[in-house]
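Participant: Dropping a structure here in structure tokens format, bear with me for questions.
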Amino acid sequence: MEDQYILILGAGLMQRPAIEAAKNLGYKTFIVDGNPNAVCVPFVDKFEPIDLKDKDKIAELALSLKGNLAAVFTAGTDFSTTVSYVAEKCKLPSHTYKASCNASNKIKMRECFKKENVPSPNFQEVERSKITTLLVPEVLNNMKFPKVVKPIDNMGARGCRMIRDKSEFLPAVEDAVRNSKSGKAILEDYMKGDEFSIDALVFNNTITITGFADRHIFYEPYFIETGHTIPTAIDEKKKYELIECFAKGIHSLGLTCGAAKADIKYTENGPMIGEIAARLSGGFMSGWTYPFASGLDLTEQALLIALGKEPESMLQRRKPLPIKDSEYGIYEVPCMKTSAERAWISIPGTVEVLLGTNQVSAMPYSRNILIRNLPGSEAVFPRNNVEKCGNIIAVAKKRELAVNTAENAVAEIVLRLKRNNPTTDNFLEGIELPAEKKFPPNAYDLPNDVNEKLNNYINSLGNKMIGANECVEPLIPECLTELSSSIKDFNHRSIRLSLQLFDKICKSHPDLEEKIFWKDLIRGGVQGIIYYSDCLSNEKKR
């Protein structure tokens, strides 16, 4: 028999599970990606450098394979429309091209939701050429904030942010439009409530929930997912309400054969859908955390549907859910364990050394360390979900063990930054853009009364110094002592732990001006005080 190929869109890390699943099923992998240096390129059977937006060229390639093409697939990319377009041309199983377009264009998506009375926020389309029409006083002055703006056709929260008042409106909308392939954005009401990710496979008029996770979102005005925990901790009643809403959304978009992924909130008015994509989730959920928690190779089951075969493991393990008001039979493959994924982030600067990975590797329940920012790379405080520095995944039977392990692991990772960097200096000095008030945030968000006491303490110090090579943990100011072990920074580090890490990493340090030291600790955490010490060691004061 001639080799049979699965055509996979994308050769990045998020596509690794699809490559592995294809090979496990006995198929050859033919990968297309616009980046010939993508990380998975060396491990595939055939590769063609094609921009994933070029659906016609990919369709031409697929048709040239004739009887040797068994399926078309992607996961963790925003090119499900290309998959459906190519599959239709090749008469292979997939969501229809129209349905995938509905799920890829946020305006079409909202229109489908509105037509079928699926709960979602009020919205309007914004085109690049028409932004000025929204700036006239009678429009802008009557606009109710907060709003959310996002590109209609991008993922990873690129160009997505909250608009808190009219002073932020223009720069936020311009950024969203810049991040749109079509030059269009969607402006919508802000939904307040807990957020969740749901993965599902749609097959033979049934929906099977294959992952329901709590999302952990922070750092207004942006929506940075610092991790997710699967399975969800929400109560069953609310969970079923959210799934029922998701099913209505799937039906309204016309998704019939393949994966569906929802970002959804439970608001004071009940469930509301942020968006539904016609693909498996990225962010390590479909390919890592859900398989770890459930024991089901979700990517392989999705591939079987794309191959026109039955996803047998899913069908054997799924259990019906008590949801009656639906066009579908609704099922779930439950989790037996908890997976907790957490990201570590950095203050701005150039990474010189990455510390702590050996300690994390030795931690019980730690499963993966996924590093994005290596030494020599530029780190930024993230404004979207592709600017985080790395991720930890922990797995355990008990939720508390998985969560604590993931957060403790992140706390061990320290990015030591190169000294005398203007971007780091500007951050530590609190310089911010006019449209980004209080962003990036301080590492430690102190209560107002504690912050006032600390400022009074700092103002009383004069030129008092921390002696060269002196341990700093015993020097915690009295006003910080009570919360020094409880308040955490953006990498789950307490004040006390940050000082302990400084004493461990900077055993040899110069004299340090105490008032600068404590300011840099609150602003930049352990990275801030290590940077301050390193700059002085270089005989050049910031």
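The values are calculated or read from the model by the stated rules, or taken from the named source; none is laboratory data. Quantities reported herein were computed from a predicted structural model and do not represent experimental measurements. Cβ sites come from the backbone with ideal geometry, for glycine too, and all protein chains shown count toward neighbours.
Participant: Return the residues of segment 486-542 that are under 34 Å from the mean Cα position of the chain (by Cα) and basic (Lys, Arg); say none if nothing qualifies.
Facilitator: Lys488, Arg493, Arg496, Lys504, Lys519, Arg523, Arg542
Participant: With under 27 Å from Ala71 (Cβ atoms), polar (S, T, N, Q) and surrounded by 18 or more Cβ atoms within 10 Å (Cβ to Cβ) as the only criterion, which of Ser366, Ser294, Ser313 stands out?
Facilitator: Within the list Ser366, Ser294, Ser313, the selection yields Ser294.
Participant: Hey, among Ala213, Ala176, Ala200, which residue is touching a His at 6+ places or on another chain (Cβ under 7 Å), hydrophobic (A, V, I, L, M, F, W, C) and at pLDDT 90 or above?
Facilitator: Exactly one residue qualifies, and that residue is Ala213.
Participant: In addition: Do we have any residue at all in segment 342-351 that's farther than 30 Å from Glu225 by Cα, among the aromatic types (Phe, Trp, Tyr) and either crowded, with 18+ Cβ neighbours inside 10 Å or in contact with a Leu (Cβ under 9 Å, 6 or more places away or on another chain) (or both)?
Facilitator: No, there is no match, as no residue in segment 342-351 is farther than 30 Å from Glu225 by Cα, among the aromatic types (Phe, Trp, Tyr) and either crowded, with 18+ Cβ neighbours inside 10 Å or in contact with a Leu (Cβ under 9 Å, 6 or more places away or on another chain) (or both).
Participant: Report the residue count in segment 128-174 for those that are under 30 Å from Arg215 (Cα atoms) and outside any helix (DSSP H, G or I).
Facilitator: 23
Participant: Moving on. Among the candidates Ala411, Ala402, Ala394, which residue alone is hydrophobic (A, V, I, L, M, F, W, C), touching a helix residue (DSSP H, G or I) at 6+ places or on another chain (Cβ under 7 Å), part of a helix (DSSP H, G or I) and at negative phi?
Facilitator: Criteria check complete, one pass: Ala411.
Participant: Now for a different question. I'd like the full set of residues that are polar (S, T, N, Q) and either touching a helix residue (DSSP H, G or I) at 6+ places or on another chain (Cβ under 8 Å) or crowded, with 20+ Cβ neighbours inside 10 Å (or both), limited to segment 373-383.
Facilitator: Asn373
Participant: So which of Thr232, Thr210 ends up being surrounded by 20 or more Cβ atoms within 10 Å (Cβ to Cβ) and part of a loop (DSSP other than H, G, I, E, B)?
Facilitator: Exactly one residue qualifies, and that residue is Thr232.
Participant: Got a number for residues in segment 269-285 being assigned to a loop (DSSP other than H, G, I, E, B) and either more than 20 Å from Ile186 (Cα to Cα) or assigned by TED's automatic domain parsing to the domain that holds Met14 (or both)?
Facilitator: 7
Participant: Okay, moving on. Checking the condition of a type in the set (Gly, Ala, Ser), closer than 23 Å to Ser281 by Cα and at pLDDT below 95, which residue from Ala87, Ala70, Ala75 passes?
Facilitator: That would be Ala75, the only listed residue that is of a type in the set (Gly, Ala, Ser), closer than 23 Å to Ser281 by Cα and at pLDDT below 95.
Participant: Identify, from the list Leu61, Leu69, Leu52, the residue that is under 25 Å from Asn204 (Cβ atoms) and outside the structural domain of Asn385 (by TED's automatic domain parsing).
Facilitator: On inspection, the qualifying residue turns out to be Leu69.
Participant: Quick one: count up the residues across segment 399-414 that are polar (S, T, N, Q) and surrounded by fewer than 20 Cβ atoms within 10 Å (Cβ to Cβ).
Facilitator: 1
Participant: All but one of (1) in contact with a helix residue (DSSP H, G or I) (Cβ under 7 Å, 6 or more places away or on another chain); (2) modelled with pLDDT under 95 hold for Tyr266; which doesn't?
Facilitator: Failed condition: (2).
Participant: While we're on this one: Which pairs do you get when a residue that is under 19 Å from Leu307 (Cα atoms), found in segment 90-105, comes within reach of a residue that is part of a helix (DSSP H, G or I) and acidic (Asp, Glu), reach meaning Cβ atoms under 8 angstrom, with the pair 6+ apart or on two chains?
Facilitator: Ser94/Glu88; Thr96/Glu88; Tyr97/Glu88
Participant: Let me ask something else about it. Of everything in segment 32-53 that's more than 24 Å from the chain's Cα centre (by Cα) and without any contact (Cβ under 8 Å) to a residue 24 or more places away in the chain, which residue is nearest to Tyr85 (Cα to Cα)?
Facilitator: Ile50
Participant: Can you name the residue in segment 1-54 that is of a type in the set (S, T, N, Q) and surrounded by fewer than 20 Cβ atoms within 10 Å (Cβ to Cβ) and is also farthest from Ala70 (Cα to Cα) among such residues?
Facilitator: Restricting to residues being of a type in the set (S, T, N, Q) and surrounded by fewer than 20 Cβ atoms within 10 Å (Cβ to Cβ), the top hit is Asn37.
Participant: Looking at segment 108-126, can you tell me whether even one residue there is closer than 23 Å to Arg16 by Cβ, assigned to a loop (DSSP other than H, G, I, E, B) and either of a type in the set (A, V, I, L, M) or free of Cβ contacts under 8 Å to residues at least 24 places away in the same chain (or both)?
Facilitator: No, the conditions are met nowhere in segment 108-126.
Participant: While we're here: Would you check which residues across segment 128-154 are hydrophobic (A, V, I, L, M, F, W, C), closer than 22 Å to Glu436 by Cβ and surrounded by fewer than 21 Cβ atoms within 10 Å (Cβ to Cβ) and list them?
Facilitator: The answer is Ile131, Leu134, Leu135, Leu140, Met143, Phe145.
Participant: Please indicate, with yes or no, whether at least one residue in segment 320-333 is assigned by TED's automatic domain parsing to the domain that holds Thr206 and free of Cβ contacts under 8 Å to residues at least 40 places away in the same chain.
Facilitator: Within segment 320-333, one or more residues are assigned by TED's automatic domain parsing to the domain that holds Thr206 and free of Cβ contacts under 8 Å to residues at least 40 places away in the same chain.
Participant: Continuing with this model, one more query. Of everything in segment 496-513, what is under 16 Å from Gly528 (Cβ atoms) and of a type in the set (S, T, N, Q)? Give them in sequence order.
Facilitator: Ser498, Gln500
Participant: Oh, and also: Within segment 478-515, can you find the residues that are of a type in the set (Lys, Arg) and farther than 14 Å from Ala443 by Cα?
Facilitator: Once the filter is applied, which keeps residues that are of a type in the set (Lys, Arg) and farther than 14 Å from Ala443 by Cα, segment 478-515 yields Lys504, Lys507, Lys515.
Participant: Considering (1) assigned to a helix (DSSP H, G or I); (2) closer than 28 Å to Ala200 by Cβ, say which one Val39 fails and leave the rest.
Facilitator: Tallying (1) assigned to a helix (DSSP H, G or I); (2) closer than 28 Å to Ala200 by Cβ, Val39 fails exactly one: (1).
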